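*Asks:* Next up is a structure, given as structure tokens.
The values are calculated or read from the model by the stated rules, or taken from the named source; none is laboratory data. Fair warning: this is a prediction, and the values are worked out from it, not measured in the lab. All Cβ positions, even for glycine, are placed from backbone atoms using ideal geometry, and neighbour counts span all protein chains on display.
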Amino acid sequence: MESPNVNAAQLGRLEKVKLRTVWADEATDFTPWLAEADNLAQLAEAIGFGADDLELESTEKNVGPFRADVLCKDTAENQWVLIENQLGKTDHGHLGQLLTYAAGLNAVTIVWVAAKFTDEHRAALDWLNEITTAGTDFFGLEIELWKIGNSPAAPKFNLASKPNDWSRKMARAAGQDGELSEMDQRYLKYWSQFNEHLDESGSAVTPRKPKPHYSARFSVGRSGCRLDARASARDKTMRVELVLYKRGEAKPLFHLLKDDRAAIESEVGASLRWQPKPKKKRCIIGVEWEGEDPTDRDRWPRQHEKLADMLDRFYAAFSPRLKQLDPAEYEEARAEEQEDTETASRSPDGLP
């Protein structure tokens, strides 16, 4: 249904709001606001992440004698994201803090939020993106507040600096000589086109930087968990998997999900492989298609369609559950008894 027409007389006027009228203090007002889930989601989308990709780890995180403003976990890659913020114009002090905290926390994504970036500090972030190795990215975000008439003020993030030439960085990481093999180049193109398909189809999962690898990772909204899409040229198979890998949580979450197996498989529309992998200290729930060759470019559109559809089904089935499950609810004895029963049922007469 189309919206009713609005004539020019009904249009409002945007008014910029001073940041200090909403957040009087940087540490006690702005940082707690930024750390709220909805606001982290907006920041994540501004830097090209998915809305569910950032999970708050802590605020005012101690780094030696200093404190980092906001520390998050990139739930798709299981890597640290550091956010340093200020309500004024960028200065040398915050730049120094940013680098100190990033080094102390081993963060790979560093975000500097400020009211205004000077040309010098924007150039500094651009230079850092140019000289750092692949996998370390610096973002500069300017935050603004706007309102229309008497409406509440609304925040807006604008990119002031972002990583550049990501393909060159990925190539540098692929080998010592900085060159990609023919197969790596093919995988990079495969996932780049897959990302385009996700964008065009309005997928629930957010594309991430494509990498020259047989798999691609996606956030599912909880740290220690991710969705993987795999296309193996060696095995001629494709897979979509939920990977649970956080120590102390992977096994409990696996069994809690397995308790709801029938409903999950009904929602996904497929029989899934439930694989606890104790030696690898992770658990995998997935579906596989055989006879799918990712080196055959004529089959890419159909393969991308199948992978995207199943990723959306996995996300819809698992993301809400993972956000609500508490690993503490897991009962070790009950799970072990269930495993013993399943093992016995696979053996003749119940004998090992």
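*Asks:* Scan segment 22-40 for residues that are assigned to a loop (DSSP other than H, G, I, E, B) and over 19 Å from ASP52 (Cα atoms) and jot them down.
*Replies:* Restricting attention to segment 22-40, the residues satisfying the condition of being assigned to a loop (DSSP other than H, G, I, E, B) are 22-25, 35-36.
Residues satisfying the conditions are VAL22, TRP23, ALA24, ASP25.
*Asks:* Filter segment 300-335 down to residues that are over 25 Å from SER223 (Cβ atoms) and either modelled with pLDDT of 95 or more or buried (at least 20 other Cβ atoms within 10 Å of the Cβ) (or both), then give me how many there are. Working first, answer last.
*Replies:* Going through segment 300-335, the residues over 25 Å from SER223 (Cβ atoms) turn out to be 300-306, 309, 333-334.
Pick out the ones that are also either modelled with pLDDT of 95 or more or buried (at least 20 other Cβ atoms within 10 Å of the Cβ) (or both) and you get 300-306, 309.
Qualifying residue count, segment 300-335: 8.
*Asks:* On to the next question. Scan the strands (runs of 3 or more DSSP E) fully inside segment 130-224 and keep the ones with 3 or more residues being modelled with pLDDT under 90 and in contact with a helix residue (DSSP H, G or I) (Cβ under 9 Å, 6 or more places away or on another chain). Reasoning before the result, please.
*Replies:* Details: elements: 137-148, 154-161, 215-219.
Passing ranges: none, list empty.
*Asks:* Residues in segment 24-35: is at least one among the polar types (S, T, N, Q), more than 27 Å from ASN195 (Cα to Cα), out of contact with any Leu (no Cβ under 6 Å at 6 or more places or on another chain) and not assigned by TED's automatic domain parsing to the domain that holds LEU244?
*Replies:* Step one: of segment 24-35, the residues among the polar types (S, T, N, Q) are 28, 31.
With more than 27 Å from ASN195 (Cα to Cα) added as a condition, the list becomes 28, 31.
In the following step, the residues that additionally are out of contact with any Leu (no Cβ under 6 Å at 6 or more places or on another chain) were identified as 28, 31.
From what's left, not assigned by TED's automatic domain parsing to the domain that holds LEU244: 28, 31.
Yes: segment 24-35 contains one or more residues that are among the polar types (S, T, N, Q), more than 27 Å from ASN195 (Cα to Cα), out of contact with any Leu (no Cβ under 6 Å at 6 or more places or on another chain) and not assigned by TED's automatic domain parsing to the domain that holds LEU244.
*Asks:* If ALA37 meets every condition in (1) surrounded by 13 or more Cβ atoms within 10 Å (Cβ to Cβ); (2) within 22 Å of PRO207 (Cβ to Cβ) apart from one, which number is that one?
*Replies:* Only one criterion is unmet by ALA37, namely (1).
*Asks:* Which residues, counting only those in segment 119-148, are surrounded by fewer than 15 Cβ atoms within 10 Å (Cβ to Cβ) and of a type in the set (Ser, Thr, Tyr)?
*Replies:* THR133
Per-residue answers, yes or no, for (1) without any contact (Cβ under 8 Å) to a residue 40 or more places away in the chain; (2) in a helix (DSSP H, G or I):
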position: CYS72; (1), (2): yes, no
position: GLU77; (1), (2): no, no
position: VAL81; (1), (2): yes, no
position: LEU87; (1), (2): no, no
position: GLY93; (1), (2): yes, yes
position: GLN97; (1), (2): yes, yes
position: THR100; (1), (2): yes, yes
position: ALA103; (1), (2): yes, yes
position: ALA107; (1), (2): yes, no
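*Asks:* Being within 13 Å of LEU242 (Cα to Cα), of a type in the set (Gly, Ala, Ser) and touching a helix residue (DSSP H, G or I) at 6+ places or on another chain (Cβ under 7 Å) is the filter here; which residues of segment 264-292 pass it?
*Replies:* None; the set is empty.
*Asks:* Which one of ARG226, ARG239 is buried (at least 20 other Cβ atoms within 10 Å of the Cβ) and more than 22 Å from LYS73 (Cβ to Cβ)? Break it down stepwise before answering.
*Replies:* Working: ARG226 fails: more than 22 Å from LYS73 (Cβ to Cβ).
The conditions single out ARG239.
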